[in-house]
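**Q** Below: one structure in structure tokens.
A short reminder: the numbers here are calculations on the coordinates, not readings from a lab. Model, not experiment: these values are computed from the prediction. Cβ coordinates were reconstructed from backbone atoms using ideal geometry, including for glycine residues, and neighbour counts include every protein chain displayed.
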Amino acid sequence: MKKVVVLGGGYAGVLTAKKLAKKFKKNKDVQITLIDKQSYHTMLTELHEVAAGRVNEESIRMDLKSIFAGRNVNVVLDEIKNIDFEQKVLTSNDATYEYDYLVMGTGCKPTFFGIPGSENAHQLWSYTDAVNLREHILNMFRQAALTADKEKRRELLTFVTVGAGFTGVEMAGELGEWKDELCRSFHIDKDEVTLYVVDFAPKVLPMYPDKLVRKAERRLIKLGNELVMNSAVSEIHEDKVVLNKGEKVINTRTVIWAAGIEGSDIVDQAQVEKAGRGRIVTNGHLQAKDYQDVYVVGDNIFYIPEGEERPVPQMVENAEHSAPVVAHNIAVDIKGGEYKTYKPTFHGSMVCIGSRYGVAQVGMPGMWFNLSGFFAMASKHLINLVYFVQVLGFNKIWSYLMHEFFHTKNNRSMVGGLLSNSAPVFWKFPLRVFVGFMWLQQGLSKLPKIIHDFNNVFLLPQPPKADALGAASGAVTEAVTAASGAVAEAVTAASGAVTEAVTAASGAVNEVANQVASNGGDIFTMLADLIHDFMNWIAVLPVPGFVENMVGWSMDAFFYTPDGTQFTQLATLVQGGMIFGEIIFGGMLIIGLFTPVAAIATIAMGCMIWASGMAPTEMLWYLVGGFALIGNSGMVLGLDYYVWPWLREMMKRIPLLRKWYLYVD
């Protein structure tokens, strides 16, 4: 039995464990264990969204056992205190863990560079940090709302973000947006709130080109931040922060530290060669230089690729690139083969400044593209979705889209409130019952025809080459023809009446428009013409030529016999299925059972009827109504209120669905 231990459940640790599980999924002689002091994986790049109240805390964490459900990975909740590389043993306060191969993926922690009073600053490097910071900011506004002393209010409502790199800029941007909501909630004048961004560097985001830097600075200032560059923090007190050894003092109760990182505590203690603020020096195979059975991933790597001058950066893409290399090389150690050398190609970075604006530099070495605004934000969301596919699949993608676009607060998303301003579902109850009844009566009216003769196909056009097949057949044909003629006459009469009504209405509209036009109202004449053309269009419900061709081909291929004289058995089954579908899905809508499924099914049936060229004008109501009912309309006065919660819990217990993440929380 070979024991592989992955230490750390961050980006790199989770991806490495998943890659290892895939390589050894059929090998029971390899035991993979992931150890972390938390039971969840945290999206560290999204901490600012929780800290500034944009999303709730559940949106940035993923349960480790859910991630590895159905996989050959044993998740252990423990905090390792010591590593004995010679004996190959990890030790915590309560247990020891032996390993044959160790993967170090413990990440980093904030560094304060020895500044006095660092315990008075708020960090932003963990799930707990983000939640605590959010509650602290809310508490500052609560206290300010109850304080009449102007100096004390100013102190409570002053917020200093130290660090103008990725984390600091993102936090400052989010806080700049959130302050407006907080001022409304606590009835505080916006002018009383002061935001600072402090950094020793001369500009924000110094790793970016000047054009993007200027855009980022303008956005921060627009959100109410004052930029204090070329300034070093000397001391941090409970009620103030001192800059440049006393040159400037800012009275504040909130200092948010985002000014640098160093290796984690366990790496600090590890007896291995380190460089660059506590990173483990590795060779090209990502093995620690001192121990060939210790591999390093993510932020813990200190490795300078061939031809480069700097070590690989501490960013998520480094974790994504290093994980498969380490998993491959461990597999080589166990099964044989050739090692891979780490040669990462980075594709840029993105920084959001609030919920609607960002800057990004994407591409590859020698060909970089600078993005800002909407496109930068879109690239950030896209990159996150790509990562979620690797980690928690559909489950996390669904959750992320809900939190970022559909369940947002105060329009704080890339598209504002366009996707989140939804009406309560109880307003859809009458529509749900009406649409369900219409489909139900459609099916029930056709049901007697197939009960009498299931092979009686009347929903499809007759075969093109059908001949009289005997006296009895002829009689039936004449009867059907007579009935069809009667129906056709009725339809023609109704169509004529509708056409006359439409023409009359259009004429009235045109007369009014002409009168207005005579007084300079040409725009109303144009509008009347458009309405007239639209009414004529919907009365016909035309089918595009390419759709007609597709339908004709499928009819010849599946519903008519090769000689074109009879219907196939499939045609009979399809017609029966359509009729029973109208009854079943109509009934489901009425009682509110699985309404999203029923609504989508009715839309599909409506499209099929439209494509066949037999859709009346009223089919538009069926289709539009179906789209409106997809969104859980059965949760009000329907069985979905009871069924969906039960179903969600049951889906989590099905091993196959858990393994492929095909469920929602």
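**Q** When the scattering of segment 401-459 is computed by the Debye formula from its Cα atoms alone, each counted once and equally, what is log10 I(q)/I(0) at q = 0.26 Å⁻¹?
**A** Evaluating at q = 0.26 Å⁻¹ gives log10 I(q)/I(0) of -0.95.
**Q** Could you work out Rg/(2.2 N^0.38 Å) for segment 218-326, with Rg from alpha carbons only?
**A** 1.47
**Q** Another question about this same structure. Scan around LYS274 for amide H atoms under 5 Å from its own, H built in the peptide plane at 1.01 Å from N, and keep only partners 5 or more places away or cross-chain.
**A** VAL281
**Q** Quick one: if you stick a label point 7 Å off each Cα along the C-beta vector at LYS2 and LEU444, how many nm between them?
**A** That separation, rounded to one decimal, is 6.7 nm.
**Q** What is the magnitude of the charge dipole of the chain about its Cα centre, with +1 placed on the Cβ of each Lys and Arg, -1 on the Cβ of each Asp and Glu, and no other charges, expressed in debye to the nearest 20?
**A** With Lys and Arg at +1 and Asp and Glu at -1, about 1040 debye.
**Q** A further question follows. Counting other C-beta atoms within 10 Å, which of ARG412, ARG658, ARG653 has the fewest, and how do the rest follow?
**A** ARG653, ARG658, ARG412
**Q** Now a separate question. Grab the alpha carbons of the chain, take their convex hull, and tell me the volume per residue in Å³.
**A** Expressed per residue, the convex hull around the Cα atoms of the chain is 257 Å³.
**Q** Further question on the same structure: Please state the charge dipole magnitude for segment 280-405, taken about the Cα centre, from unit charges on C-beta atoms (+1 on K and R, -1 on D and E), reported in debye and rounded to the nearest 20.
**A** Here segment 280-405 has a charge dipole of around 380 debye.
**Q** Sort 158-164, 446-452, 543-549 by packing, meaning the average of other beta carbons within 10 Å per residue, with the highest value first.
**A** 158-164, 446-452, 543-549
**Q** Find how many whole Å separate the alpha carbon centroid of segment 240-262 from the alpha carbon centroid of segment 350-423.
**A** Between the Cα centre of segment 350-423 and that of segment 240-262, the gap is 31 Å.
**Q** State the answer as a single residue: which of GLY631, ASN395, MET104 lies farthest towards the positive end of the charge dipole of the chain, with beta carbon charges of +1 for Lys and Arg and -1 for Asp and Glu, about the Cα centre.
**A** The Cα lying farthest towards the positive end belongs to MET104.
**Q** Then there's this: Rounding to the nearest 10 and keeping the result within 0 to 90°, find how far the Cα-based axis of helix 429-452 lies from the longest principal axis of the chain.
**A** Compared with the principal axis, the helix lies near 50 degrees.
**Q** Right, something else. Around GLN123, which amide H atoms from residues at least 5 apart in sequence, or from another chain, sit under 5 Å from its own amide H, with H modelled in the peptide plane?
**A** Placed amide hydrogens put TRP257 under 5 Å from GLN123.
**Q** Relative to a virtual label point 7 Å from the Cα of GLU79 in the Cα→beta-carbon direction, which members of segment 29-44 show backbone nitrogen distances below 13 Å?
**A** 36-39
**Q** For the charge dipole of the chain, defined by +1 on Lys and Arg C-beta atoms and -1 on Asp and Glu C-beta atoms about the Cα centroid, which residue among VAL4, ILE603, PRO311 has the Cα displaced farthest towards the positive pole?
**A** The one lying farthest along the dipole's positive direction is VAL4.
**Q** Which residues does the label zone of ASP94 cover in segment 32-76, counting backbone N under 16 Å from a point 7 Å along Cα→Cβ?
**A** 35-40, 75-76, by backbone N distance to the label point.
**Q** Using a cut-off of 18 Å between alpha-carbon atoms, which aspartates and glutamates can reach LYS240, once sequence neighbours fewer than 8 places away in the same chain are excluded?
**A** Here the aspartates and glutamates satisfying the reach criterion relative to LYS240 are GLU119, ASP149, GLU151, GLU155, GLU192, ASP199, GLU226.
**Q** Oh, and also: By counting other Cβ atoms within 10 Å of each Cβ, how are CYS607, CYS108 ranked from fewest to most?
**A** CYS607, CYS108
**Q** With the Cα gyration tensor of segment 119-220 giving a ≥ b ≥ c as the square roots of its eigenvalues, does the rule (a/c under 1.5 for rounded; else a/b larger than b/c for prolate; else oblate) give rounded, prolate or oblate?
**A** Note, shape of segment 119-220 comes out prolate.
**Q** Over every pair of different alpha-carbon atoms in segment 1-125, take the mean of 1/r and invert it; report that Kirkwood radius in Å.
**A** Taking every pair of different Cα atoms in segment 1-125, averaging 1/r and inverting gives 16.2 Å.
**Q** In a shell of Cβ-Cβ distance under 9 Å around TYR11, excluding TYR11 itself, what net charge do Lys and Arg (+1) and Asp and Glu (-1) give?
**A** Local charge sum for TYR11: -2.
**Q** To test your reading of the geometry: what angle, between 0 and 90 degrees and rounded to tens, separates the Cα axis of helix 619-629 from the longest principal axis of the chain?
**A** Between the helix axis and the principal axis of the chain, the angle is about 30 degrees.
**Q** Please report the spacing between the Cα centers of segment 118-132 and segment 180-229 in Å, no decimals.
**A** Segment 118-132 and segment 180-229 have Cα centres separated by 20 Å.
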